[in-house]
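Beneath this line is the structure, given in structure tokens, with notes to follow.
The values are calculated or read from the model by the stated rules, or taken from the named source; none is laboratory data. Since the model is a prediction, treat every value here as computed from it, not as a measurement. Cβ sites come from the backbone with ideal geometry, for glycine too, and all protein chains shown count toward neighbours.
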Amino acid sequence: MSRPVALAAALIAASLASLLIALVSGPFPISARVVLDSLLFPMPGVVHDIIWQLRAPRALAAFACGGLLALAGALLQALLRNALADPYVLGVSSGAAVGALFALAAGAGATLIHMGALAGAASAIVIVFGLSFRTGEWDVYRLLLTGVVLAAGLSALVSLTLITAPQVQVKGMLFWLMGDLSYADGPLASWIVLIAGAALATSGARGLDLLSLGETKARSLGLPVKALQVAVFGVAAASTVAAVMLAGSVGFVGLMVPHAVRLMGVAAYRWLLPLSVLLGGVFLTAADTVARTVLAPQQLPVGVLTAIIGVPLMLWLLGRKRLPT
Amino acid sequence: MLKCDGLTLAVPGRVLAREVRFEANRGETWAVLGANGSGKTTLMHALAGLAPAMRAEIALDGKPLGGRGARERAALSGILLQQEDAAFWGEVLEYVLLGRFAHARTVFGWSREDEDASRAALAAVGLDGFERRSYRTLSGGERQRARIAQLLAQDPQLFLLDEPLQHLDLRHQVAVLRLFGSLARKRGKAVIMVLHDALWPAQACSHALLLYGNGVMESGAASAMLTRDRLERLYGCPLREIAVEGTSFFAPV
């Protein structure tokens, strides 16, 4: 069995395990056997409701969010040919943050907060894409700088909102900014974006491999470079928006998960993309389970835990004597 | 195969060659010669369709370059670039397989046919056994041969080679020139290569194109182009002519 196939098998098993653990864990004790029974033979009742109304949507939202962030990160690293690119580098999350925080400051409810985030993210995408594409000469370098500059400006707006907002609303804002799944809506829409985005991106994976050789080289080998770049930008932006709508800006996952897969010896994008989606999903599901149980009944924002758990794992991967490949 | 009709090569502020006209046919091997900065690479990029502003004057198999999609063009003509922007992080075989992009029909991964072509290409440059090696661990010369293998896997009708001999030792220089010579003669490909050595063109090429860098270019049969007078003007240094078995070679005085 080749390395990517073995990794895929292991990560699919880990995905199922992480989802099962998420269903089992919580203040109300439910054993794995009961969860499996409830999956196979649904019986109405309190246990059934806790599993299907509370824990399952939350676990599925966490998985989708992790997968979307990892997908967007891997795509932007390929598009910008920059190892430090993450889903937030193009200002999408800063735009969403401004929208969400304005809604929070106005004392709006969950729906309006979501709409605010969506409007902010969409404006950021339109501005970045419009400015970079304006002259007709698509330039990835300008795209990156435009995104970074816009993100800096939007971050200032975020700070301003935090400072001027009434004290009672600041904690909610901080949760949003760190990334928190407790207000995640039904995860169905994000799963649709995740599956469609991952399938679309994987079908163009050969083009991404070519792009990693440089634009001139990719063009000489027959790749319609601009069309691919625009498509990659679109899928990455849609994935980021879907993730941000679920959980605010969860850090670390989008930047590090693709690198973790690379460090495990997978470079070809046809494997890197699906494996990153799986690993991102497993990772965020596990992190969120810890976030809502470790200090229960106090719930932590999952974004705090992604780095606390992820950093040691990543340092261990980096520190292994011989890097694979 | 390739017809270039009135192309002007220019870099910002300077015209390198005016009215470049020549026709490279199947079975021919062309040498492009010129001093540093005389427009050799600019010409090669234009011929490969990599310079969008210079597509109208170049026709491939009777159709202007701009009239073909990127993939269709890559199936007809392939270029060995002088330098690549980025290092490749995978295995050597994966790298060579990328040359099959224009031919690939599968949605996920590569077909058996692509893989066979890539393995054969690696064998043709003496890199069989290197399939699973990491591309990054190759030496400069091995990398150059892997890049040639990728171009062979692309299997175009027209080969554009920008300094194919860089980083290669003498034995591999001979092997690479023989390889492309036989592709032209036996399989009817057209080959155009930038060479820096005054020694190889007379041995390896049927035609030559000289770029003087001052707006003037000349092209024609190698025997007519490769004269001491022309090469001295081209490189701006005195040369000694050495005749061996009827072929003239040039070495610096």
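Output the number of residues of the range A:29-44 satisfying the condition of being under 24 Å from residue A:296 (Cα atoms) and either at pLDDT 90 or above or part of a loop (DSSP other than H, G, I, E, B) (or both).
The qualifying residues number 3.
With the checklist (1) aromatic (Phe, Trp, Tyr); (2) under 30 Å from residue B:15 (Cα atoms); (3) at pLDDT 95 or above in hand, flag the one item residue B:200 doesn't pass.
It is condition (3) that residue B:200 fails.
For the condition over 17 Å from the mean Cα position of the chain (by Cα) and not in a helix (DSSP H, G or I), what is the one hit in A:99, A:26? So that I can check it myself, show each step before the final result.
Working: A:99 fails: not in a helix (DSSP H, G or I).
The conditions single out A:26.
Could you list, in sequence order, the residues of the range B:175-205 that are farther than 23 Å from residue B:26 by Cβ and within 15 Å of the chain's Cα centre (by Cα)? Let's see the steps before the verdict.
Going residue by residue through the range B:175-205, those that are farther than 23 Å from residue B:26 by Cβ are B:196-199.
Across the range B:175-205, the qualifying residues are B:196, B:197.
Filter the range B:30-53 down to the residues that are over 20 Å from residue B:96 (Cβ atoms) and within 14 Å of chain A (Cβ to nearest Cβ) and list them by number. Please lay out each step first, then the result.
Initial filter on the range B:30-53 (over 20 Å from residue B:96 (Cβ atoms)): B:30-47, B:49-53.
Of everything in the range B:30-53, those that are over 20 Å from residue B:96 (Cβ atoms) and within 14 Å of chain A (Cβ to nearest Cβ) turn out to be B:41, B:42, B:44, B:45, B:46, B:47, B:49, B:50, B:51, B:52, B:53.
Can you tell me which residue among B:27, B:66 is more than 16 Å from residue B:83 (Cα to Cα), within 14 Å of another protein chain (Cβ to nearest Cβ) and surrounded by fewer than 23 Cβ atoms within 10 Å (Cβ to Cβ)? Working first, answer last.
On the way: B:27 fails: within 14 Å of another protein chain (Cβ to nearest Cβ).
Selected residue: B:66, the only one of B:27, B:66 that is more than 16 Å from residue B:83 (Cα to Cα), within 14 Å of another protein chain (Cβ to nearest Cβ) and surrounded by fewer than 23 Cβ atoms within 10 Å (Cβ to Cβ).
Tally time: how many residues in the range B:69-85 are in a loop (DSSP other than H, G, I, E, B) and surrounded by 13 or more Cβ atoms within 10 Å (Cβ to Cβ)?
Quick first cut of the range B:69-85, residues in a loop (DSSP other than H, G, I, E, B) only: B:69, B:81-85.
Next cut, surrounded by 13 or more Cβ atoms within 10 Å (Cβ to Cβ) only: B:81-82, B:84-85.
Total satisfying the criteria: 4.
Taking residue A:294 as meeting all but one of (1) crowded, with 24+ Cβ neighbours inside 10 Å; (2) more than 9 Å from every other protein chain (Cβ to nearest Cβ); (3) free of Cβ contacts under 8 Å to residues at least 24 places away in the same chain, write down the number of the exception.
The one condition residue A:294 does not meet is (1).
One residue is enough: does the range A:204-220 have a residue meeting the conditions more than 12 Å from every other protein chain (Cβ to nearest Cβ), in contact (Cβ under 8 Å) with a residue 12 or more places away in the chain and not β-branched (Val, Ile, Thr)? Let's see the steps before the verdict.
So in the range A:204-220, the residues more than 12 Å from every other protein chain (Cβ to nearest Cβ) come out as none.
No, there is no match, as no residue in the range A:204-220 is more than 12 Å from every other protein chain (Cβ to nearest Cβ), in contact (Cβ under 8 Å) with a residue 12 or more places away in the chain and not β-branched (Val, Ile, Thr).
Limited to the range A:252-304, what total is found for residues that are over 21 Å from residue A:58 (Cα atoms) and basic (Lys, Arg)?
Final tally of qualifying residues: 2.
Would you check which residues across the range B:147-185 are touching a helix residue (DSSP H, G or I) at 6+ places or on another chain (Cβ under 7 Å), assigned to a helix (DSSP H, G or I), touching a residue at least 40 places away in the same chain (Cβ under 8 Å) and within 24 Å of residue B:46 (Cα to Cα) and list them?
B:148, B:149, B:150, B:151, B:152, B:153, B:154, B:176, B:181
Which condition does residue B:98 not pass, out of (1) without any contact (Cβ under 8 Å) to a residue 12 or more places away in the chain; (2) within 14 Å of residue A:210 (Cα to Cα); (3) aliphatic (A, V, I, L, M), if it passes all the others?
All conditions are met except number (1).
Within the range A:156-193, restricting attention to residues that are among the small types (Gly, Ala, Ser) and not in a helix (DSSP H, G or I), which residue is farthest from the other protein chains (Cβ to nearest Cβ)? Walk me through how you get there before you give the answer.
Narrowing the range A:156-193 to residues among the small types (Gly, Ala, Ser): A:156, A:159, A:165, A:172, A:179, A:182, A:184, A:186, A:189-190.
If we keep only those that are not in a helix (DSSP H, G or I) too, we end up with A:165, A:179, A:182, A:184, A:186.
Numbers: A:165: 45, A:179: 30, A:182: 38, A:184: 32, A:186: 31 Å.
Here the residue is A:165.
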